[in-house]
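Report on the following structure.
Laboratory data are not the source of any read-out in this text; all were calculated from the coordinates shown. Computed from a predicted model, the values in this text were never measured in an experiment. In this analysis, Cβ positions are derived from the backbone assuming ideal geometry, glycine residues included, and neighbour counts consider all displayed protein chains.
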Amino acid sequence: MAINTKDVENPGRTIIGESILVNGRLDGDEDLTVRGRVEGAINLTKTLTIEPSGIVKADVSVRNVIISGVVVGNVTASESVELTQEGRMVGDIRAPRVIIVDGASFRGRVDMGDLEASRTAPERPRSAPAPAAAPRPAVMAAPVRAVAPPPARPAAPQPVASAPAPAPAPRTFSAPPRPPTSMAPPIPPAAALAASNKRKVIVKKKK
């Protein structure tokens with residue numbers, strides 16, 4: 001049969017080609033790669049790989065599954081389920097480890113067995129409560145005495161700023177009188193002119 005085609009590189013793997021359509025139930029104990037179309041149910045004890053060209057419309061029960069194609073149905077894995085960037089899935093996933101890469105399309109519910117794990121997990125021993133601290137005896141506070149504040153010290157006298165000394169008056173120097181530029185004889189005083197006018201002039205006539 002075509003579904004029994006062995007992979008040359010991996011003899012323990014069966015490949016369903018792109019042109020093959022399988023309608024029914026597939027059971028096996030080896031790895032299976034789906035490149036064509038499978039409708040019905042798949043039950044394997046190894047790994048199921050659905051390549052980008054593969055289409056599976058079935059309920060899947062395997063150990064590991066890697067979905068890069070299209071899956072319509074519920075998937076149950078005993079170890080892990082990985083949905084790659086090219087993967088498209090509509091259905092519920094039940095596995096202890098689920099990997100959904102960014103870019104994948106998924107619509108359904110994911111059950112990772114948290115409830116069962118919590119039931120089977122051993123209970124942790126509860127630590128004994130810490131003993132209550134003994135009450136401390138009340139301490140009477142001593143009366144507070146009012147202490148008068150120390151007297152204020154007189155302020156030290158501040159030095160008075162003295163007025164600035166007056167600036168010395170500027171010295172003035174007078175120039176000596178200049179001699180008269182003209183050589184005219186000095187004008188006699190008025191008293192001398194009056195005395196000269198009183199003199200008599202005697203004119204002698206010649207014979």
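Placing a label point 7 Å from the Cα of GLU18 along the Cα-to-Cβ direction, the residues of region 51-77 whose backbone N falls under 19 Å from that point are 51-57, 67-71. The label-point distance for ARG25 and ILE99, in a model that sets each label 7 Å from Cα toward Cβ, rounds to 3.1 nm. Whose amide H sits under 5 Å from the amide H of VAL98, counting only residues 5 or more places off or on another chain, with H placed in the peptide plane? For VAL98, whose amide H was placed from the backbone, the distant partners under 5 Å are VAL81.
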